[in-house]
1. Take the stretch 265-289 and flag every residue that is surrounded by 22 or more Cβ atoms within 10 Å (Cβ to Cβ), in a helix (DSSP H, G or I) and either modelled with pLDDT of 90 or more or aromatic (Phe, Trp, Tyr) (or both).
2. Which of (1) hydrophobic (A, V, I, L, M, F, W, C); (2) more than 22 Å from PRO74 (Cα to Cα); (3) at pLDDT 90 or above is the odd one out, the single condition VAL164 does not satisfy?
3. Could you pull out the residue among ALA465, ALA432 that is closer than 24 Å to ALA336 by Cβ and in contact with a Leu (Cβ under 6 Å, 6 or more places away or on another chain)?
4. Consider the stretch 399-449. How many of its residues are buried (at least 18 other Cβ atoms within 10 Å of the Cβ) and on the phi > 0 side of the Ramachandran plot?
5. Tell me, which residue of the stretch 69-96 that is over 18 Å from ALA52 (Cα atoms), in a loop (DSSP other than H, G, I, E, B) and at pLDDT 75 or above is farthest from the chain's Cα centre (by Cα)?
6. Since LEU396 meets every condition but one in (1) surrounded by 15 or more Cβ atoms within 10 Å (Cβ to Cβ); (2) hydrophobic (A, V, I, L, M, F, W, C); (3) more than 25 Å from ILE433 (Cα to Cα), which condition does it not meet?
7. Within the bounds of the stretch 138-161, is there any residue that is out of contact with any Lys or Arg (no Cβ under 7 Å at 6 or more places or on another chain), buried (at least 22 other Cβ atoms within 10 Å of the Cβ) and of a type in the set (D, E, K, R)?
8. Which residues, counting only those in the stretch 133-190, are among the β-branched types (Val, Ile, Thr), in a loop (DSSP other than H, G, I, E, B) and closer than 16 Å to GLY67 by Cβ?
Amino acid sequence: MRFYSKTFTVVSFIFSVMLFVSCEKEDISTENYKETGIESSKETSLIKYLGAMIRAEELTDGQYMIGGDMIVTPDQENDNKSYSSAGVGLWPNGVVKYMISQQFKDEDAKVRPHPFKNYDMKKMLEDAMSTWTTATGVSFVEVDSSTPRREYIEILWGSSNSSVVGYNSPFPKKFKISDQAHQGVYLHELGHTLGLLHEQQRVDRDDYIIIHSDYINDSAYEKFTANPILDYHTPSLDFNSVMLYPSTEYRGDYNVKKTNGQPFTSGYATGVLSQGDINTVKAMYSGGNNCNTSGNLPNDVSCDHWAFNEIKFMWQNGYIVGNGTSFDPDGILNRAQFAALVAKVINPEPIRDARNFADVPASPNRHWAYDAISKTYRGGYMSGISNTLFNPNGRLTKEQLVVAIASGKRLSGGNNNHLRLFSDQSSISSWAIEKVKHAIANRYVTNYPDKDKFRAQSPVTRAEAAMIFYQVLVDQNIAPSINNPYLLIP
C-alpha cells in the first residue's frame, strides 16, 4: 500500500510531514489531467494532492473526499508559485489521539443485531486499534475535550465509512463508521487514519487487476478509479492488504478480478492485516514510539536521534563503523571516510584509470582507506585536491558531498523551484547548483536541524552522511524506505 508523508512521501512507505513537496505550478484544468478508470456519477472537481492531479468530491473545511472514503487536504500554492503538500502527515510519536463523540455513543447504545460479530461498535473499534498496535507498535489514546481539536480524530457514527488520511488534515479530523461495518472495515479505515491509501487505486493497478465497471455499484465508483499518485511504498500490489477491496459479486459477476480472470479475497474481507500492511506502517512510524533498540547498536545514538533508524540499519549491516561501540554521529566526516562509504555502499564501476596520491600511500605504511579512495576516484565520485594530493583528512562541505553523489551516480532532474525550498539558497556555489537540483529530485538531500536551510558551506556530520547513503540503499532495494522528517522529498 502506498504512503506518502510530505511536509511529507508514501509515500510517503506517506507520507508535517514531515516531508517537503514542491513542484512547478501547474494549470489545474482538465487539459492537465489524464482520466483513468471509470466515470463517477457524483460531481467532482480536480485538485492537486501529493503532487498529482486527481478528481475529488468537495466536503467542508477545505477538505475533499477521494476514493469514496479518504478525506484529504489539497496541496497548497505558496508564495513562490509552487505547491507544498499538506500530505499524509504522521501522528506525532506514533500516537493516534481520538475522542468518541456522543453521537457515536448514542448510536452504539441502540439494540440491533450485528450481521458479522456479536460486538458493539466501540468494542469493534477497540479491537481494531489493538490489532494495529500489536502488529506495528503505533498506539491509540482516548482523550477528552480538554485536548486541542487539531490533535485528535473524532469518532462518529455514519451511514457510510470514511476517515482522514494521516495527521495533517486540519481539524476537525473525522472518522466515520457505520453499524454494519465488520472488522475488516474498521482495520481499513484505521489504515487511512494512519496514512495508508487504497491498493486498488494505485496507478499501476492494471498490471495486477482488471476492473469491470459494469459490475460496480453506482455508489462505489470512486473506490475503483485509478489515481495518478506515485511512489507506492510496496513495489507491487498487495493482494492480502486490508487496504485492497476484494472481488464482490454484483449484477451476476465480480467487480474486480486478477489479470488471470480469477476473483480474490483480501484482508479487507478477512479482517486480517497483511505483512505488507504491517511492514509499511512500521516503516512509516519507525521514528515514533515503536523505536526498536534491539540488536547491536552504537552506544552514542539514542532512540530519539533524528537519524536513529538509518544509522541503526547501516551499523547492524556493516555499512558504517565507529570507534569500538560508538559511532560519533555529530563528528565531522572527512574525505577518506566518504570514500569508504562510497566503496562499501555503492561499489562503483571504474570509469577512469587509477591515480596515486602522495598522501595516500600504498606502501610501506599503507593508508587505511587506500583501496576505498582508489575505487572512489576510479568510479568518478571524487578527485584529488591536486594531481598528487588527495587530502584524506580534509572536511567535506554539504554541497561538496551532494555534488559528489550527484556526479558519481549521474543523477538528473530537478528545477529552480526545488532551490526555493531553501531560505539560504544564495549560499550554494554556482558550480554546484545544477548538481544540487539533481540530488533533490532524486531524494539525496537531508536538512538537519533546519528543514529550510541547505547549509551549503557547512561541514557534513557522520549522521548526515549515514542518512544520505541510506537513501542509496533504498534505491538499490536493500533497505526499506523510512519516513524521516529531515529527508527532502520533491
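1. Answer for the stretch 265-289, where residues must be surrounded by 22 or more Cβ atoms within 10 Å (Cβ to Cβ), in a helix (DSSP H, G or I) and either modelled with pLDDT of 90 or more or aromatic (Phe, Trp, Tyr) (or both): GLY267, TYR268.
2. In the conditions (1) hydrophobic (A, V, I, L, M, F, W, C); (2) more than 22 Å from PRO74 (Cα to Cα); (3) at pLDDT 90 or above, VAL164 misses (2) alone.
3. From the options ALA465, ALA432, the qualifying one is ALA465.
4. Qualifying residue count, the stretch 399-449: 2.
5. Per the criteria, the residue is ASP69.
6. Condition not satisfied by LEU396: (3).
7. Scanning the stretch 138-161 turns up no residue that is out of contact with any Lys or Arg (no Cβ under 7 Å at 6 or more places or on another chain), buried (at least 22 other Cβ atoms within 10 Å of the Cβ) and of a type in the set (D, E, K, R).
8. Correct list: VAL165 only.
The values are calculated or read from the model by the stated rules, or taken from the named source; none is laboratory data. Note that the coordinates shown come from a computational prediction; the quantities given were computed from them, not determined experimentally. A quick note on method: Cβ atoms are made from the backbone with ideal geometry, for glycine too, and the neighbour counts reach across all protein chains shown.
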